[in-house]
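For reference, the structure is listed below as C-alpha cells.
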Amino acid sequence: MSSSRTRRALVTATLAAILPLAACSGGSDDGKAAAGGNGAPAGGKSGSQTFGELPAESGTPKDGGTIDIAQQPGAGPYYVLPIVPGAFNSTYVTYQFQRLMYRPLYWFPEGASPKVNPALSLAELPEFSDDNKTVTIKLRPGYTWSDGSAVEAGDVVFFINLLKAALKKNAANWGGYTPGQFPDNVTSAKATSANVLTLKLKEAYNPEWFTADELTSVIPLPAKQWARASADGPILDHNSPKNAEAIYTYLDKASRDPASFATNPLWQTVNGPYRLSGFDVTTNFYSMTANEAYTGSQKPRIKTLNFRPFTSETAKFNQLLSGNLTMATVDQSHVGQVSALKAAGYNVYGAPRMGFNFIMLNFKDTTDNVDKLIGQLYIRQALQHLIDQPGYIASKGMYNGAAAESYGTAPASSPYASDTVATAPYPYDPNAARKLLEDHGWKVVPNGATTCERPGTGATECGEGIPQGQTIKFNLFHRSEPQLHSAVSTAFASEARKLGMTITVAPKTFSFLIQNYNVPAAPSKAGEWAMSTWGGFSTTPYPTMTGTFDSKGSGNVGAYDDPKTDELIQASVHGEDRQAVQAEIEHLRTDLPVLWLPNAHTIWAWKNTLSGPQDTFAALPTTVLTPEYWYLK
C-alpha cells in the first residue's frame, strides 16, 4: 500500500500507501540463502540481504520487440489518475502502471539505493529559504507531453489544485494524505515562470523529509489537456476551487472505468516512456506501447510491454518455466526450482524490498473486545514472542531462505536504520509470552481457553476494558496468493493455540484486503477484522512513518494511536536532526504498531536475451520498473 508520504501497499503503501505497499514475493538461488549461496546467515542474522547475482549489461541493443511481464496474482491496476485513493493504492498501481506513463517530480530509487535519483527526476533538487518555509523548484527544460507541449511549472500547480479538490471531497481520495501535511501545509503554489515553481509553506519543515517524502509524491499533470469538466468541455481555470473540483470529479470518474482505460483520449497524453494500448477489463491484462515522443534521458527501445495477469503463483511460475514470460517475480515456494529457471535461460536476482512486512493489527475492532486486547502492549509483546522469524526464514514451506530478519520500519539498506533493525526486541520465546500473560492476570490454558482472572488497570491486572472471564480470540485474514501468507499465518495461529489463544485464519485477495480491511478507507468494516497480512509497506527514502502510524494518517490501516509516536513523527518531519527519525524508528520497533515479519526477498527472473544497465535491474526488488533502459539483444 503507501509510504511515509506514500506508503504503498506492498504488495509496498506506501496501503504502500497507503504507499500498504507492496506484497511479498520472493525466490532464492537454488534454495540457498543468498550472498555466496551457502545458506549462511548474513551479518550473523538469519537470511541474507541479496539473492543471486546481477548480470552485467551485455549484447548489442536491438530496437523494437515485445516483452511479457507477469502481474502479481490479484493485483491488477484499477485506477489511472495519479491521485490514487487509499482503496486502490499499491506499489503495483503506482510503480508498475502509472509511473510508466506519468513521471513524478522527483524519482526514487537510484538503483538499489533508497534515495532520490536526480537523473530520472523532472526537476533540479529544490532550494529551501526563508527558514525552510519557501521552496523553489526549477523544472529541467526539454521534458514534454506526448503531444509536444512542454511539461511546465503550471502542470505541478494543476496537480496540487486537483489534490486539494480531491481531499476536500473526501480525505480517503488520496492514499498518501495526512491531515496538516501536504497539500494542507502549502499556503501558495505559484508558477513564477514556465520552469520555476515557488511553494510557500505554513511552517518550517525538514528539507530532507519534505523532498524525499512529500515532493516525490508530486506528479505533474497535463493542465492544457485535462483541465476540463467534461470530454468536450472548455479548458477551465484550475486555480478556481470550484473549477478544480469539477475537473477532479470528471477525471476521477474516468479513472474508475477500466473498460475505457485504453480508449479514453485522456490517458493518451503522457510524459513517460510508455502509454496504454490495451486493457482487458475481464482479466486485467494490459499492454503498453512506446511513447515515440518521450523526451526523458533514454528513449524506449522495446516497443511493446504486455502485462499478463495470473490467478496463482504456480500458474505464473509454470509460464516462466515454459519460456512464455520474459520476466516475472518468483515466489518463495518455488525457490528450490531456481536452477531449472537458470537452465531455461533466465537470470535470477532478488533482495529485501525497500520497506517492511508485518501482520497488521486493528486497534478499532470492538468485536469481543479486540480493541482492548490489542491496545495492551504486553499482549502485543506476547504475540510477537510467538513469531519465529529465523525459523520461518529457514523453513522450506515458508521463506525457503529467501528473506532477512526485520524488526522495524526502516529497511537495513536505509542510511537511517540502526544496527538494531535485524535484532528482535521480543524474540521467539513462547515461555516469555506465557509469562507476560500470567504476570498480567491471565489463567493460561494450553490448547484450551485462556481467560482473564484479574481484571483491572493495575500493573498485574489484565488492563482497561478487559472483563473477568475474557478470552483472547482474533481472526487473521491473509492474502490468498502466494501461499507464503497462508503458511506464516497458520504457524502463528498454531503457536497462539498452544497458549490458549484462538486465531482463526482465512484467505482473501490482495485487492479485497487493501480496499476493505483498512480502517481509513473502509471504517464501516472495522469490526470485521482483527488482523490481516498481505505483505507490507514500501517506504520512501526518508523513513518517517508520517501518514502510516501517526494517529491521523490516511495510511494508518489499523488505526494505531500513540501520542509518543505522534510526537516523534512531528520531530522527524519538522526538525533537521537525523537522530529524530532514528528515535522514531526505535520507538516503533518496540511499541509494536504491527507484528514484525521477515522482510521477504522480492526475486525476479528475466530472460538472458533481455539486458540493460545493471542499476535498472538492481531496482527490481523495490518493485520499480524502468523498461525504457532495457533492450532485447
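For residues in the stretch 506-565 being hydroxyl-bearing (S, T, Y) and not in a loop (DSSP other than H, G, I, E, B), which is most open to solvent (accessible area, probe 1.4 Å)?
S524
Residue pairs, Cβ under 6 Å, 6 or more apart or interchain, first in the stretch 351-369 and more than 16 Å from Y517 (Cα to Cα), second surrounded by fewer than 19 Cβ atoms within 10 Å (Cβ to Cβ). List them.
D368/K473
Within the stretch 294-370, which strands (runs of 3 or more DSSP E) (wholly inside it) include 1 or more residues that are within 22 Å of N400 (Cβ to Cβ) and more than 25 Å from the chain's Cα centre (by Cα)?
Values: elements: 304-308, 327-330, 346-352, 355-361.
Output list reads 346-352.
Can you tell which of L276, L320, L305 is open to solvent by less than 30 Å² (accessible area, probe 1.4 Å) and over 19 Å from V80 (Cα atoms)?
Details: L276 fails: over 19 Å from V80 (Cα atoms); L305 fails: over 19 Å from V80 (Cα atoms).
L320 is the lone residue from the list that is open to solvent by less than 30 Å² (accessible area, probe 1.4 Å) and over 19 Å from V80 (Cα atoms).
Please indicate, with yes or no, whether at least one residue in the stretch 448-466 is in a loop (DSSP other than H, G, I, E, B), at pLDDT 95 or above, surrounded by fewer than 20 Cβ atoms within 10 Å (Cβ to Cβ) and among the aliphatic types (A, V, I, L, M).
yes
Kindly establish whether L105 is over 20 Å from P415 (Cβ atoms), under 22 Å from the mean Cα position of the chain (by Cα) and at pLDDT 95 or above.
Answer is yes for this residue.
Against the condition in contact with a Leu (Cβ under 9 Å, 6 or more places away or on another chain), open to solvent by 10 Å² or more (accessible area, probe 1.4 Å), under 21 Å from P467 (Cβ atoms) and of a type in the set (A, V, I, L, M, F, W, C), how does L377 come out, does it pass?
The answer is yes for L377.
Yes or no, residue by residue, for (1) touching a Ser or Thr at 6+ places or on another chain (Cβ under 6 Å); (2) farther than 30 Å from V151 by Cβ:
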{"residue": "W267", "(1), (2)": "no, no"}
{"residue": "T283", "(1), (2)": "no, yes"}
{"residue": "Q298", "(1), (2)": "no, no"}
{"residue": "T304", "(1), (2)": "yes, no"}
{"residue": "V335", "(1), (2)": "yes, yes"}
{"residue": "K342", "(1), (2)": "no, yes"}
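Regarding the stretch 109-123, can at least one residue be identified that is at pLDDT 95 or above, polar (S, T, N, Q) and under 22 Å from the mean Cα position of the chain (by Cα)?
Yes: one or more hits.
I'd like to verify a number: residues in the stretch 143-172 that are open to solvent by 20 Å² or more (accessible area, probe 1.4 Å), of a type in the set (G, A, S) and at pLDDT 95 or above, how many?
Residues in the stretch 143-172 being open to solvent by 20 Å² or more (accessible area, probe 1.4 Å), of a type in the set (G, A, S) and at pLDDT 95 or above: 5 in total.
Among the residues of the stretch 129-156, how many are aliphatic (A, V, I, L, M) and part of a strand (DSSP E or B)?
Residues that pass the stated criteria total 4.
Out of L251, L266, I need the residue that is within 20 Å of Q98 (Cβ to Cβ), open to solvent by 10 Å² or more (accessible area, probe 1.4 Å) and part of a helix (DSSP H, G or I). Which one?
L266
State all residues of the stretch 605-616 that are open to solvent by 20 Å² or more (accessible area, probe 1.4 Å) and either within 12 Å of P352 (Cα to Cα) or β-branched (V, I, T) (or both); if no residue qualifies, say none. Steps first, please.
Going residue by residue through the stretch 605-616, those that are open to solvent by 20 Å² or more (accessible area, probe 1.4 Å) are 607-609, 613-615.
Within the stretch 605-616, just T609 meets the criteria.
Pick out the one residue from T623, T602 that is in contact with a Cys (Cβ under 8 Å, 6 or more places away or on another chain), open to solvent by less than 10 Å² (accessible area, probe 1.4 Å) and under 23 Å from Q332 (Cβ atoms).
Residue meeting the stated conditions: T602.
Could you please give the count of residues in the stretch 501-532 that are at pLDDT below 95 and of a type in the set (S, T, Y)?
Within the stretch 501-532, residues that are at pLDDT below 95 and of a type in the set (S, T, Y) number 2.
With respect to G175, determine if the residue is closer than 24 Å to R275 by Cα, at pLDDT below 95 and touching a helix residue (DSSP H, G or I) at 6+ places or on another chain (Cβ under 6 Å).
yes
The values are calculated or read from the model by the stated rules, or taken from the named source; none is laboratory data. Since this is a predicted model, take the numbers as computed values, not measurements. Neighbour counts are summed over all protein chains in view; Cβ atoms, including those assigned to glycine, are modelled from backbone coordinates with ideal geometry. When the accessible area is computed, the model is the full protein with side chains, heavy atoms only, and any ligands, DNA or RNA have been set aside. Shrake-Rupley method; radii C 1.70, N 1.55, O 1.52, S 1.80 Å.
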